[in-house]
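Below is one structure, written out as structure tokens; the observations come after it.
The values are calculated or read from the model by the stated rules, or taken from the named source; none is laboratory data. Keep in mind that what you see is a predicted model, and the values were worked out from it rather than measured. With ideal geometry, Cβ positions are generated from the backbone for all residues, glycine too; neighbour counts draw on all protein chains shown. Ligands, DNA and RNA are stripped out before the accessible areas are found, and what is left, the full protein with its side chains, is counted by its heavy atoms. Shrake-Rupley method; radii C 1.70, N 1.55, O 1.52, S 1.80 Å.
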Amino acid sequence: MQPIAPIYLVTFFVVMGLSIIVPALPLYARDLGASDIMIGALIAGFGVARVVFDIPAGIFAERVSQKKVLQIGLGIIAVSSMEAAIAPNYWLLLAARIFEGIGSALYVTTAATIVSTSTELGSRGKMMSYYTAAILLGTTVGPAVGGIVTPLWGKNSPFVVYAALAAVSMLISHFTISNNQKPHMQKHEIGFRILFSDRSQLLISAATFAMAFMWMGLELTVVPIFAYDNLNISPTSLGLVLASAALANLFSTILIGGSATG
């Protein structure tokens, strides 16, 4: 059975790194001449890459070594984050953000696969809630840390921290994730036809899309721009505001997941 505790730790590092850049991204992008629409594109580029590569990532995780896919994703995150930190213009920053989305898709989907296939059915809901809690803990801590490092080390420093966290995560996964883990879950017919014929799946997917739209559209784009332009807020204060929003999600997820069965 695959040990999954390291997955929770690495997931926390990866998502914390992603969230660290939120307070700095609008300021950094504006230094490169970006408009508000172009700042939104930096968020959208990451999100589109996630959407496009999430399904292939799941297929690779089932057919190839999960450890390989996991580490490829972490490697892409590390390299693209360093590229973002030294980007001389907006367009290279946008390209780096797209590659960050690709790396994130490979990692997050594969990590979820490992957690799901390495736990018994009766405890799967609880274990997946811990995985989600690791994500939410990262989104809670990340903005607060980003709000601190941005004024201390510069507007591009959160990307350097993100790259470092991804590199550390590669080391952790190298020594703790086995190389021969294969999914042991039963095979089911999966596809868009099944998705669109199942009303409950459609409702869940629609709700998930709405939540992601609000998070990426409002919290990651509109809120930072509004805070800087209209409230004269500092990166540190913005980080605390975003962290407080994620904190409520964290506690509710743990409580709900703890009562889940199968």
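Key figures for this structure:
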quantity: Residue match in the range 55-63 (condition: open to solvent by less than 10 Å² (accessible area, probe 1.4 Å), part of a helix (DSSP H, G or I) and within 21 Å of Thr150 (Cα to Cα)); calculated: no
quantity: Residues of the range 111-135 satisfying the condition of being part of a helix (DSSP H, G or I) and hydroxyl-bearing (Ser, Thr, Tyr); calculated: Thr113, Ser116, Thr117, Ser123, Ser129, Tyr130, Tyr131, Thr132
quantity: Tally of residues being touching a residue at least 60 places away in the same chain (Cβ under 8 Å) and of a type outside the set (Val, Ile, Thr) across the range 24-45; calculated: 11
quantity: Residue check, Ala260 open to solvent by less than 50 Å² (accessible area, probe 1.4 Å), at pLDDT below 85 and either under 15 Å from Ala144 (Cβ atoms) or not in a helix (DSSP H, G or I) (or both); calculated: yes
quantity: Residue list for the range 72-92, restricted to those being assigned to a helix (DSSP H, G or I), open to solvent by 40 Å² or more (accessible area, probe 1.4 Å) and either of a type in the set (A, V, I, L, M) or in contact (Cβ under 8 Å) with a residue 40 or more places away in the chain (or both); calculated: Ile72, Ile76, Val79, Met82, Leu92
quantity: Lone qualifier among Leu32, Leu42, Leu74 - being of a type outside the set (Gly, Ala, Ser), at pLDDT 95 or above and over 28 Å from Pro6 (Cα atoms); calculated: Leu32
quantity: Qualifying residue in the range 177-189 (condition: over 24 Å from Ser104 (Cβ atoms) and modelled with pLDDT of 60 or more); calculated: no
